[in-house]
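*Asks:* This is the structure I want to talk about, given as structure tokens.
Where a number appears in this text, it was derived from the coordinates with a stated rule and is not lab data. For clarity, every value in this text was computed on a predicted model and none was experimentally measured. Don't worry about glycine lacking a Cβ; one is built from the backbone with ideal geometry, like all the others, and counts go over all protein chains shown.
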Amino acid sequence: MTKKYLLVLWVGLFHNAYTQQNNLVISDSLSAKNYEYFSNNIRYEEKDSIKERLYAQSWLAKAKREKNFCQMTQSYKALIYSSDNKLQLKYADSMLTAAKSTADIELIGSAYMTKGIVQYDRKEHMNALDSYLIADEYISKTNNHYLIYKVKYVIAQVKYYLGFYDEATALFQECVNYFKGKNDRAYLNSLHSLGLCYNRIGKYKLCSQINQTGISEGLRFKNLEMQSYFIHSEGVNQYFQHNYTDAIKKLKKVLPIVIDNKDFINETTAYFYIGKSFWDQKLQEKALPYLKKIDEAFQKQKYIRPHLREAYEILIDYYQQQSDKALELYYVKCLLEVDQVLLKDYKYLSGKIHKEYDTKKLLQRQRNIEQYWTVIICIIITVMTAIIALLAHRHNKNKKLFQELMNRKPETSKLFVANGSKELDINHELVAAILKKLEKFEYSKKYLEKEMNLLKLASLLNTNTKYAYKIIAKYRHKGTIEYITDLKIDHIIELLKSENKYRIYKNKSLADEAGFGSTQNFTRAFKTRTGISPSYFCTELNKSLTADILK
């Protein structure tokens, strides 16, 4: 009854606050306050604070009455931080609308950054990155260097989250260099994030150096808030250097602090690497309780990261070896659920996630436990049939692709009429001018330059990357990288058809001729464009020409 009563009370309070927010009913005492009063009394320390939300609503009401868009922007930002998650994105959009009405590029950029933070908290990571990049476009035009590097930092955080560790490392290094001597906490945060990146890209010595620097600098600043996180980072780093005893010692040392901070993300990470450290020392019984905590966290929070997925694989194998079908099946089902979450939250990263147990194997294992030999036989028959069919058709398919390639006529470059400029929201004359330069780019074979990319192409077209990207997509019906790559491959195909000397070239020489950065990229691009490898094409081409001579 007590819980039910508290729930009803909370709903009533929320409804009252929401009604005030919509009708902006405020007391006379607050309506007379100035903007500075509201700004000083909202400290952004307590999430979903009714008191601070009331101040924010009063601030917004005053700004609306006076049509002060700058203050409206600030008050909406206050509402974001003082409201629950359901309303935050709505307030972020309203804040952005108000900011745009000011025409203040710094304020607009800051609003986009705040919206990105909201999206990041909602796990909309690609949307957050888009907002951060737009924020960067605005803020980079200002002289506010603190904001400029704050944007760099949040962009780096998203890139780290998505697994783009090299790009994140470069950005965090810039932030470290800037914040050093200017903002102690931002400097320590940047150092910590840089250390995490070094660990992810395998630079373990650099990670240790960064962690030691962070601890020393924190002591020098008399700021110990980040000390436990540097020790946590070093504990993980020691695991990767196979110093398992030290890894366990460090992670256990900071675990109570992390738990006290209610930081379940780093808490779960600590459990995982303590468990892994015991496991790699063949201390399975000590490892199991820690590895099981990964599933406990997932069941409570639905939190998982790609590298934590391995805990389930270990548990499945362990219970299979123990012939414990019940627990094996439990963790198989859990891992299937985990993969669904990962596919949703990491869809841009899913191709890079190493998975020893892919979904088909997990489903198969589940069926094996439940149905045994019937399912195994069906799968064997299916696989064997697929292999036989593949062997039977591969030769004919490659032959057909070769003939299609031989009959394919070179694509002729033509200047499209820029009648879609309205759809692109670009000036008609500008579109026509860019298309003309694009035709010249194709005719002069500038695409053969190494490392040709959107930025270089935009420079050659004398426009920005946004316009170049849109126009290529509209009039060449391709993404920029695909467009450039296809031009390179088509050039090589015509060379191989028309000039004998190129047919004896190795793939590396052909890659150099087409301006590819590596042989691997060239062969992959050739296969994508034609369906066959360059080696196969040259072999069949020589056979075809020899047969023609003998006729």
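*Asks:* Please name whichever of Ser110, Gln74, Ala135 sits farthest to the positive end of the charge dipole of region 62-180, dipole taken about the Cα centre and charges placed at Cβ: Lys and Arg +1, Asp and Glu -1.
*Replies:* Farthest towards the positive end: Gln74.
*Asks:* How high is the FRET efficiency between Tyr35 and Arg524 when r is their beta carbon distance and R₀ equals 56 Å, given to the nearest 0.05? Each step should come with its number before you reach the end.
*Replies:* Numbers: r = 58 Å, r/R0 = 1.04.
Calculated transfer efficiency: 0.45.
*Asks:* With 10 angstrom as the radius, rank Arg220, Arg122, Arg503 by how many other C-beta atoms surround their C-beta, starting from the fewest.
*Replies:* Numbers: Arg220 9, Arg122 13, Arg503 16.
Result, fewest neighbours first: Arg220, Arg122, Arg503.
*Asks:* Place the peptides 313-319, 233-239 in order of packing, highest mean first, counting for every residue the other Cβ atoms within 10 Å and averaging per peptide.
*Replies:* Details: 313-319: 18.9, 233-239: 25.3.
Going from most to least packed, we get 233-239, 313-319.
*Asks:* Over the Cα atoms of region 421-550, what radius of gyration and what Dmax do you get, in Å?
*Replies:* 17.1, 59
*Asks:* With θ taken as phi - 60° and the coefficients 6.51, -1.76 and 1.60, list the Karplus ³J(HN,Hα) couplings across region 78-92 in order, rounded to whole Hz; mark glycine and proline as x.
*Replies:* Those phi angles translate into 4, 5, 4, 7, 10, 10, 6, 4, 5, 9, 4, 5, 4, 5, 4 Hz.
*Asks:* Taking a 32 Å limit on the Cα-Cα distance, which of the listed pairs Lys222/Lys302; Lys152/Lys456; Lys205/Lys282 fall beyond it?
*Replies:* Lys222/Lys302
*Asks:* Rounded to whole Hz and in sequence order, give me ³J(HN,Hα) for region 225-230 from the Karplus expression 6.51 cos²θ - 1.76 cosθ + 1.60, θ = phi - 60°, writing x for Gly and Pro.
*Replies:* For region 225-230, the Karplus curve yields 4, 9, 4, 5, 6, 5 Hz.
*Asks:* Now for a separate question. Using the count of nearby Cβ atoms within 10 Å as a rough guide to exposure, how do Lys100, Lys409 rank from fewest to most? Intermediate values should be presented prior to the final figure.
*Replies:* Details: Lys100 15, Lys409 5.
Final ranking by Cβ density, sparse to dense: Lys409, Lys100.
*Asks:* Would you list Asp166, Asp295 from fewest to most Cβ contacts within 10 Å? All intermediate terms of the calculation are to be shown ahead of the outcome.
*Replies:* Numbers: Asp166 10, Asp295 19.
So the ranking, lowest neighbour count to highest, is Asp166, Asp295.
*Asks:* In debye to the nearest 20, how big a dipole does region 421-550 give about its Cα centre with +1 on each Lys and Arg Cβ and -1 on each Asp and Glu Cβ?
*Replies:* Details: 23 positive and 16 negative charges, 42 e Å.
Its charge dipole is roughly 200 debye.
*Asks:* Expressed as a rounded percentage, what relative contact order does region 421-550 have, with Cα pairs under 8 Å and six or more residues apart?
*Replies:* Value for region 421-550: 20 percent.
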